[in-house]
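Worksheet: one structure, shown below.
Just so it is clear, none of the values below were taken in a lab; they were calculated from the coordinates. No experiment lies behind these values; they were computed from the predicted model shown. Using ideal geometry, Cβ is built from the backbone for each residue, glycine included, and neighbour counts are taken over all protein chains shown.
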Ligand SMILES: NC(=O)c1ccc[n+]([C@@H]2O[C@H](COP(=O)([O-])OP(=O)(O)OC[C@H]3O[C@@H](n4cnc5c(N)ncnc54)[C@H](O)[C@@H]3O)[C@@H](O)[C@H]2O)c1
């Protein structure tokens, strides 16, 4: 096929904006026949943030401090948008209505109402491809776990544990930033920040929680404001959601525990999933990123097998199959799958990045979790 250039504009030039640019600038890494993303526009409210981009990508044609100018430009085909959560609703809706394809960041709206409004805009623009970013499942060892899940090797599910643990907030002298402010990050706190990552695989497997009982903790109640003062810090630091869930493969119920923690001592971006079943169990964690662990339950005694998985990625790459794989590689794979979809190349069986309706299911869970914590009750979740 003729390989077309897809001209990307980036809105939000912070931590994730840079990751995105770095990933698409090494597109030659992937052995893919799809179209080729190129950076052609940047937008940040603060032009100081442009420097890294213009130093490294001198050919960028659109530079603006107003996202409306970027999405109005005929020099832009698609947008990667990584801005604070309070801006998702308006920005995503405007991008979608402008006809540009969108790879947006989670949680896809600061709350359920915002998310539903984004989904309405998607419905009105069926020609626009919209996906939500989630890169961790693309670690090759986790891809192996997904294949294992798809075969139903677990038998009947007993329990699934999925989580995302951080620990930099253990430093109580860390100044507050927008991710720790309810009005910008959202009432979900750590769930909005980390939760979609933990739910990508479970929701894709059809494991939609039926009910939730939530335990939420606000551990650091104040933080330095970075200007010599101390301010209240009202966001939830840690959340443990215990969900009754049904597996469509066996029509039986099991427990699913979703943990999102910003204060998990010793954990640096530890994303994990553990699946326990009557016939088999499996687990993956970014703490031990190349190992796929599994066991078969055939009798009384069981032992884990740990298999080293090299760089055997979903989209093949130039990297030798035995070499190590990391966060930037997973992020590149995720963008690769977005571009494959845009190029009409995605075939059945490919583990796509997060679909818009999956973000809504995550919002329903987090909204029910807030209600559960407030009321002290288990809350049923209505997906209609
Ligand atoms: N996929 C992942 O692994 C991952 C990791 C971290 C954050 N995120 C998500 O990415 C998004 C951004 O997070 P981040 O860590 O990059 O934050 P960040 O604070 O590093 O960057 C956000 C950027 O948005 C810019 N911005 C704010 N208002 C703007 C406006 N009106 N117009 C244009 N730009 C504006 C800020 O100047 C800043 O540069 C969030 O949704 C977050 O949840 C995803």
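A few remarks follow.
- Dividing the summed helix terms, -39500 (n - 2.57) for each DSSP H run of n ≥ 4, by the number of residues in the chain produces a 222 nm estimate of -9000 deg cm²/dmol to the nearest 500.
- Principal axes of the stretch 172-291: Cα extent on each, largest first, Å: 57, 33, 19
- Highest to lowest packing among 15-26, 195-206, scored as the average C-beta count within 10 Å: 195-206, 15-26
- Counting only DSSP beta bridges with both residues in the chain, the antiparallel share comes to about 60 percent.
- Oblate is the label for the stretch 260-384, because the ratio a/c of its alpha-carbon gyration tensor axes (a ≥ b ≥ c) is 1.5 or higher and a/b is not greater than b/c.
- Potential extension, residue 59-residue 230 segment - 0.36 nm per residue separation minus Cα distance: 57.2 nm
- Cα gyration tensor shape of the stretch 1-144, rounded if a/c is under 1.5, else prolate or oblate by comparing a/b with b/c: rounded
- Label zone at residue 217 (point 7 Å along Cα-to-Cβ), backbone N below 18 Å, the stretch 227-242: 233-242
- Spin-label proximity, residue 66 to the stretch 24-44 - amide N less than 18 Å from point 7 Å beyond Cα toward beta carbon: 41-44
- Note on residue 307 and residue 36: with the Förster distance fixed at 35 Å, the Cβ-Cβ geometry gives a FRET efficiency of about 0.55.
- Each Cα pair under 8 Å and six or more residues apart adds its sequence gap; the mean of these over the residue count of the stretch 5-132 is a relative contact order of 24 percent.
- Our summary gives the chain a relative contact order of 20 percent, counting only alpha carbon pairs under 8 angstrom and 6 or more residues apart.
- Mean-position separation - Cα centroids, the stretch 19-37 and the stretch 314-384, in angstrom: 19
- Net length gained if the chain between residue 350 and residue 268 were fully extended (0.36 nm per residue, minus Cα distance): 26.6 nm
- Each 10 Å bin from zero up to the one holding the largest Cα-Cα distance in the chain carries the following percent of pairs: 5, 22, 32, 27, 11, 2, 0.
- Between residue 187 and residue 158, full extension at 0.36 nm per residue minus the direct alpha carbon distance yields a gain of 7.3 nm.
- Across the stretch 270-319, C-alpha contacts under 8 Å between residues 6 or more apart give a mean separation that, scaled by the residue count, equals a relative contact order of 25 percent.
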